[in-house]
Amino acid sequence: MLKELLQNILPTVVFDFLKRKKLQFSLLWHLMQAYRYDMNRYIRFSDTFGSNTAQKLIGKIIKEYHVVEKGLTMPDTKLGFGRELLFNLATNCRQYIEKYGETDEQLEHAVGVVLEYEQFHQNCMFQLEAVVANSIHDLKQVVAKTTVCRQKDASIEDYFRYSESPFFQFAKSRSSIRNYSTENIPTEKLIEVLDLARTAPSACNRQCWRTYVFENKDQINSILIIQGGNRGFGHLVNKLIVITAEVGVFANVGERNESFIDGGIYAMNVLYALHYYKIGACMLNCSNTIEKDLTLRKLCDIRESEVFIAMISCGIPPENFRIALSKRYDLGKTNTLR
């Protein structure tokens, strides 16, 4: 009734303007509600405000042991590295066992990594600080199984042995590589990589992904310093791929996260393409704070309409190197048949 009244008394141009504004306000309201809905779930169930469940604590343990694994596979592992991290890992493992038992396979692997860290330093005749040594000792007192892990030794020949094999062998042969030689990656080869990677599927074929390839060493170093997750190997990176996604091709509430979904699918395709062309690579996260996001936007010179997805460090591996074990859950843990 009110709509008909306004339509009769207002000029058409004014009525159409108000109609558009009403629609825009409605869309804005629904977007705000959707992001609030997302935020409430993240606040409630993420580990942001404390590890008060088994799931949260094991997630923290996995993150910590993987950092130790990376340290053990660095080109030049620094003796005594990650003292505070190792203390936290051993302490969290002990707390998990006391609260939830030791049946989780990731927990068992984490304990093995702690023991590998201890054994590595024993083999190097390096005395760990008392607080670290004591935390390892306390953990060993509460575990039933004490199997020591061992990160994987690899050769460049073995690593790329299945790069052109059937997908089952190909996919299982790819791992993150953090050790690169001084050999240069030809730009032409990276163009072939990106040509293959663009076969990735995307929502309604909108292909939101954008890639920026950095070749200048100083520029790469500046970006990696801000990225912050490449300690111990960033200086060896030969090429750096920065992946973003264009938000402008999406619309409405339901697609608010589609740029990250499609961008993530594309990023995995880039990793597979790099492996096919025998280029070592490691995915680097872009889980940025506001300040880091603003700084990286300037350094990478990306458009305001794009969001960061990930970075990929690239290089040709040396003849021999080490790879982090990166324990995978059994299928039954992460998959449900209904």
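The values are calculated or read from the model by the stated rules, or taken from the named source; none is laboratory data. Treat the numbers as computed from the prediction; the structure is a model and nothing was measured. Note that each Cβ is placed from the backbone with ideal geometry, even for glycine, and that neighbours are counted across all protein chains shown.
For region 183-223, filtering for residues that are surrounded by fewer than 16 Cβ atoms within 10 Å (Cβ to Cβ) and assigned to a strand (DSSP E or B) leaves 1. State which residue is nearest to Arg178 (Cα to Cα) when the search covers only region 18-70 and only residues that are assigned to a helix (DSSP H, G or I) and among the acidic types (Asp, Glu). Filtering first and then ranking leaves Glu69.
Can you tell me which residues in region 106-126 are among the polar types (S, T, N, Q) and either surrounded by 11 or more Cβ atoms within 10 Å (Cβ to Cβ) or touching a strand residue (DSSP E or B) at 6+ places or on another chain (Cβ under 8 Å) (or both)?
Gln106, Gln119, Gln122 - these are the residues of region 106-126 that are among the polar types (S, T, N, Q) and either surrounded by 11 or more Cβ atoms within 10 Å (Cβ to Cβ) or touching a strand residue (DSSP E or B) at 6+ places or on another chain (Cβ under 8 Å) (or both).
Considering Ile309, Ile323, Ile290, Ile316, the condition of being of a type in the set (Val, Ile, Thr), modelled with pLDDT of 95 or more and within 30 Å of Glu108 (Cα to Cα) is satisfied by Ile323 alone. Out of Phe321, Phe308, one residue alone is under 20 Å from Asn221 (Cα atoms) and not in a loop (DSSP other than H, G, I, E, B). It is Phe308. State yes or no: is Glu304 surrounded by 17 or more Cβ atoms within 10 Å (Cβ to Cβ), acidic (Asp, Glu) and over 25 Å from Met74 (Cβ atoms)? When the stated conditions are applied, Glu304 does not pass them. Close contacts from region 272-297, counting a first residue that is buried (at least 16 other Cβ atoms within 10 Å of the Cβ) and a second that is part of a loop (DSSP other than H, G, I, E, B) and among the aromatic types (Phe, Trp, Tyr), with Cβ to Cβ under 8 Å and a gap of 6+ residues or different chains, come to His275/Phe160; Gly280/Tyr180; Cys282/Phe233. I'm trying to understand the selection: among the residues of region 235-251, which are closer than 24 Å to Asn184 by Cβ and in contact with a strand residue (DSSP E or B) (Cβ under 7 Å, 6 or more places away or on another chain)? If the condition is that a residue be closer than 24 Å to Asn184 by Cβ and in contact with a strand residue (DSSP E or B) (Cβ under 7 Å, 6 or more places away or on another chain), then Leu236, Val237, Asn238, Lys239, Leu240, Ile241, Val242, Ile243 are the ones that fit. Here Gly229 passes the criteria (1) within 26 Å of Ile191 (Cβ to Cβ); (2) not polar (S, T, N, Q); (3) not in a helix (DSSP H, G or I) except the one numbered (1). Cβ-Cβ contacts under 7 Å between residues 6 or more apart (or on different chains), taken from a first residue in region 217-245 that is free of Cβ contacts under 8 Å to residues at least 40 places away in the same chain to a second residue that is buried (at least 22 other Cβ atoms within 10 Å of the Cβ), are listed as Ile220/Val237; Ile220/Leu240.
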